[in-house]
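For reference, the structure is listed below as structure tokens.
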Amino acid sequence: MSSAAIRKNVTDTGKYDNQESRFAVIDSRKLERECFVRVIKASHTKLSITAYGSVQEWSEGPDREGPCVILLNIGGRRVGMPAVASSLQRLVAEAEDTPVIVLSESEDLRDMIAAIDCGARGYIPASVGVDVIIDAACLTSAGGIFLPASSLSALREAISKDTDRPLGIEQHFTSRQAAVADALRHGKANKSIAYELNMCESTVKVHIRTIMKKLRASNRTEAAFKLNALFPKEHDPAN
């Protein structure tokens, strides 16, 4: 469903006309807090929003159980900061079933994951517009979890980089051991490996013993089989 369709559906069902339409925003920066509230009210006149300067202020407020969504704006701070994480965890615990969404200037995937780990039901970077914030609030109040599209792009890029790396070669062997291992998996004899890599044959034997020990292989054939699983296919000239 598109963003416009979500907003239309919420409006048609009258959600903005009842008590469930109340939002709470928590932001320690007074100017940013007041500007945010005015922008939300100007674009969504039927939406009620109450602002607080801290989690403590919200906790002590008379209508803390009123909002259907709580927006915690941390600005330029990072969720990974102990003070921010502690404040978020406290808010989530006290909010109970009321979803908490983190607003932040950071688009780092690690911050998004940290926010979800702390119990937040959504993470919104400062690069999005007001309508996205409203859509995210609607989604989380319905039981969903919201993350921006940029998080998917970052995750796809991270997976792509991980796939492009040799599968465990650097983690298991030194550069010289890896060169010997590559030759070993192609069935080359010690003398040939020594000649190609400009090593003494005795050095090649030491490397092979080390490689077999790390692989827990009992013979060269077993070692070659396990090495083929470690080397990426594109590393093999035959492919």
* Kindly list the number of the only condition in (1) touching a residue at least 24 places away in the same chain (Cβ under 8 Å); (2) part of a helix (DSSP H, G or I) that fails for residue 222. => (1)
* modelled with pLDDT under 90, over 14 Å from the mean Cα position of the chain (by Cα), assigned to a helix (DSSP H, G or I) and assigned by TED's automatic domain parsing to the domain that holds residue 40 - does that describe any residue in the stretch 140-151? -> yes
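Has the stretch 200-207 got at least one residue that is at pLDDT 90 or above and either surrounded by 19 or more Cβ atoms within 10 Å (Cβ to Cβ) or in contact with a His (Cβ under 9 Å, 6 or more places away or on another chain) (or both)?
Looking only at the stretch 200-207, we keep the residues that are at pLDDT 90 or above, and these are 200-207.
Restricting the remaining residues to those that are either surrounded by 19 or more Cβ atoms within 10 Å (Cβ to Cβ) or in contact with a His (Cβ under 9 Å, 6 or more places away or on another chain) (or both) gives 204, 207.
Yes, there is a match, as at least one residue in the stretch 200-207 is at pLDDT 90 or above and either surrounded by 19 or more Cβ atoms within 10 Å (Cβ to Cβ) or in contact with a His (Cβ under 9 Å, 6 or more places away or on another chain) (or both).
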* Structure fact -> The strands (runs of 3 or more DSSP E) lying entirely within the stretch 1-96 that contain at least 1 residues which are in contact with a helix residue (DSSP H, G or I) (Cβ under 7 Å, 6 or more places away or on another chain) and modelled with pLDDT under 90 are 22-26, 48-52
* Structure fact -> Over the stretch 152-175, the set of residues surrounded by 14 or more Cβ atoms within 10 Å (Cβ to Cβ) and either acidic (Asp, Glu) or modelled with pLDDT of 75 or more (or both) is 172, 173
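The values are calculated or read from the model by the stated rules, or taken from the named source; none is laboratory data. Values in this document were obtained by computation on a predicted structure and should not be read as measured data. Here the Cβ is made from the backbone with ideal geometry for all residues, glycine too, and neighbour counts use every protein chain on show.
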